[in-house]
Amino acid sequence: MNNDMPRLIAITAESVPKTKILAISTLGMENEISAALTNFSQASHSVLARADRINSESLLEYIRNLESGNTEVSEIHTPSVPAKYLVKTAERIGSLTRRELEILEILAMGHSNKNIASKLSLSSRTVNNHVGMIFLKLGVNSDSDINGRVSATLAFCIYSRVIVKSPSSNRLTPSDTSVSSTGIRTFTSSKEVFETNAT
Amino acid sequence: MHELFQNTQRNTFHTDSSEYLKVNGFPIKVQVVLPDELERLGIEQLLKSRGAKVLPFTNSISGSESSTKSLINPKADVIILATETANR
């Protein structure tokens with residue numbers, strides 16, 4: 001579930017933007033979860049709490065403070081490095097080849113390398129190489145495949161949003177040129193990525 | 001009478017109060033998205049005991065057939081997205 005949290009946060013924040021989110025995380029994915037909260041929800045609308053630092057009383061306080069719009073909440077929500085880190089990662093997506101971008105887009109839907117190979121009629125080995133190169137170019141942690149995939153997915157989502165704000169900075173777009181000129185479809189695309197991934 | 005009013009106010013905003021998760025008399029609508037059913041039920045029970053309205057969550061995130069989006073209740077004021085707690 002920890003691995004699904006960033007995706008879940010993105011889905012929640014996109015589908016019910018006015019709803020407040022209290023994310024409770026165990027060890028290992030705080031950075032990714034924090035980045036997802038930062039990028040997909042308003043600061044006053046979300047709190048990240050560590051499971052080992054929360055008890056019944058603080059859980060209740062978080063909920064009440066969130067709902068009451070208590071300003072203390074934004075102080076609690078203090079994301080660390082990841083937001084900037086992931087934005088930088090997202091910027092590097094511009095250096096991917098068209099094929100790598102195509103693979104990243106499918107990877108972001110939650111597909112395994114094997115599935116990607118099947119979808120693109122490539123060999124698994126070729127896809128493995130492409131994914132390795134994507135991780136390398138993005139500078140994401142490839143020590144753990146799952147962390148690399150989560151970081152790459154988040155970066156892709158940020159890219160889908162950020163890129164439309166500065167079309168001149170992108171060498172490639174996730175789809176066709178009309179996407180970058182309006183930006184709307186790209187945004188929708190990132191939502192579709194998540195929805196498709198969930199099924 | 002004045003003291004009674006003060007005590008009432010204090011109790012309302014104490015976490016032990018059965019009204020703690022009510023704002024202006026209205027219960028805060030909370031959905032707990034947590035795959036572990038036992039933990040979820042425990043948290044839901046706690047929230048209910050403090051006056052919250054708990055919206056149901058059907059766990060089908062892993063190996064789901066329906067989309068994750070459909071699991072999110074749009075009526076919720078607060079959604080708790082949780083992993084397993086460390087104290088288990």
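Read-outs throughout are calculated quantities, based only on the coordinates presented, and are distinct from any laboratory measurement. Predicted model only: the values in this text are computed from it and were never measured. Counting neighbours? That spans all protein chains shown, and the Cβs are built from the backbone with ideal geometry, glycine included.
How well do other chains shield peptide B:46-58, expressed as the mean number of their Cβ atoms within 10 Å of each residue Cβ?
Details: counts 3, 4, 0, 1, 5, 0, 4, 0, 0, 0, 0, 0, 0.
Rounded to a whole number, the mean comes out at 1.
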Exercise for the section: Provide the packing ranking of A:9-17, A:121-129, i.e. peptides ordered by the mean count of other C-beta atoms within 10 Å per residue, highest first. Expected result: A:9-17, A:121-129
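Taking a threshold of 24 Å on the Cα-Cα distance, which of the pairs A:K88/A:K119; B:K22/B:K75; A:K18/A:K88; B:K48/B:K75 fall above it? Write down the numbers at each step before the final one.
Values: A:K88/A:K119 29 Å; B:K22/B:K75 16 Å; A:K18/A:K88 28 Å; B:K48/B:K75 16 Å.
The pairs that break the limit, which is 24 Å between Cα atoms, are A:K88/A:K119; A:K18/A:K88.
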Handout entry: Number of partner chain Cβ atoms within 10 Å, mean per residue of A:5-18
Key = 4
Practice task
Mind listing the long-range amide H neighbours of A:A49? Cut-off is under 5 Å, sequence gap 5 or more, other chains count too, H placed in the peptide plane at 1.01 Å from N.
Solution key: A:A23, A:I24, A:S25
Exercise for the section: May I ask you to order A:97-108, B:71-82 by the average number of other C-beta atoms within 10 Å around their residues, highest value first? Expected result: B:71-82, A:97-108
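Looking only at other chains, what is the average number of their beta-carbon atoms within 10 angstrom of each beta-carbon in B:29-41?
Working: counts 2, 5, 3, 2, 7, 2, 2, 1, 0, 0, 0, 0, 0.
If you average over the peptide's residues, the count of other-chain Cβ atoms is 2.
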Practice task
Starting with the fewest neighbours, write out A:M5, A:M29 ranked by other beta-carbon atoms found within 10 Å of each beta-carbon.
Solution key: A:M29, A:M5
Problem - Extended-chain gain in nm, criterion 0.36 nm per residue less alpha-carbon gap, A:K88 and A:L136 - result: 15.9 nm
